Amino acid sequence: MPVCTLALYFRCFGDFPLIVAANRDERYDRSATAPRIVESDPAIVTGRDLLAGGTWLGVNEYGLVVAVLNRRTHGGGGPASDFRSRGLLCLELLRSNSAASATEFLSKDRFRYQPFTLVIADEVRSCTAVNRDNGIDLAELTPGLHVFNNRGTQDEPDEKHSRAYALFRAWAPDASGDSGAWVAPLQAILSDHHGNSSNDPGSALCVHGEVSGTVSSSIIVYQRQPKQAQFFYCAGPPCRNSFGEPLRLRIR
């Protein structure tokens with residue numbers, strides 16, 4: 001269910017303090033809904049995993065964005081039944097009114113989860129949260145571009161991460177301020193099929209495996225004038241399908 005590639009532009013572009021572009025990779029037989037308003041206090045725009053009930057990426061009316069990525073580790077941590085769904089945690093954090101309150105909630109959570117990286121951001125603060133055996137490691141993010149996947153990290157990038165970072169770094173919004181015009185170039189990046197020298201299909205940004213692969217793409221744009229978040233969504237791999245009209249959510 002979680003996101004597998006995510007780019008966060010944090011306070012890079014003036015009146016657009018948050019721009020997120022992400023691919024979700026999952027088993028083809030694991031169903032989920034398209035993003036919609038799922039709650040009202042606060043209003044949250046997100047998709048829902050129909051198996052466990054959680055989500056992988058969303059934005060709420062306070063301008064808080066939360067995403068969860070799987071984190072690959074060596075060795076097994078026990079059967080899946082021993083762990084709570086990471087997507088349920090993502091949804092719970094989206095009920096917070098700020099990145100600060102989300103991290104406070106996270107510090108008090110005592111459930112066990114399989115390895116994850118959470119990306120938590122509003123227009124003031126952005127951070128990551130990584131679960132370890134001895135607790136949660138929080139890391140503040142400075143303004144700039146941050147790219148995440150379920151393989152390499154920003155501190156120890158693999159070839160997929162390095163290539164994704166280079167692709168996203170080459171993009172910048174045009175001066176028109178029309179976020180709809182930004183979808184096509186971001187979609188082209190999310191459709192990357194190059195992989196690495198090992199020809200591992202999982203090293204592409206847009207993955208086509210036999211039983212799992214890229215099942216959707218999302219672009220979230222948070223703007224100050226007017227103060228709103230736009231959620232663009234593509235059902236299916238972005239190399240074959242189109243993004244629809246955005247869901248708009250007024251920000252408090």
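The values are calculated or read from the model by the stated rules, or taken from the named source; none is laboratory data. Note that the structure is a prediction, hence the values are computed from the model and not measured. As a convention, Cβ positions derive from the backbone with ideal geometry for all residues, glycine included, and neighbour counts pool all protein chains shown.
Some values worked out for this structure:
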quantity: Qualifying positions in the range 227-243 - under 16 Å from ASP122 (Cα atoms) and more than 19 Å from the chain's Cα centre (by Cα); calculated: LYS227
quantity: Every residue from the range 112-150 that is small (Gly, Ala, Ser) and over 17 Å from LEU89 (Cα atoms); calculated: SER126, ALA139, GLY144
quantity: Residue match in the range 57-73 (condition: within 14 Å of the chain's Cα centre (by Cα), buried (at least 18 other Cβ atoms within 10 Å of the Cβ), modelled with pLDDT under 95 and not hydrophobic (A, V, I, L, M, F, W, C)); calculated: yes
quantity: From ALA172, ALA166, residue being part of a helix (DSSP H, G or I) and surrounded by fewer than 20 Cβ atoms within 10 Å (Cβ to Cβ); calculated: ALA166
quantity: Residue ID - surrounded by the most Cβ atoms within 10 Å (Cβ to Cβ), chosen from residues in the range 182-206 that are at pLDDT below 95 and in a helix (DSSP H, G or I); calculated: SER203
quantity: When residues of the range 99-149 are limited to those that are of a type in the set (Gly, Ala, Ser) and not in a strand (DSSP E or B), the one modelled with the lowest pLDDT; calculated: SER107
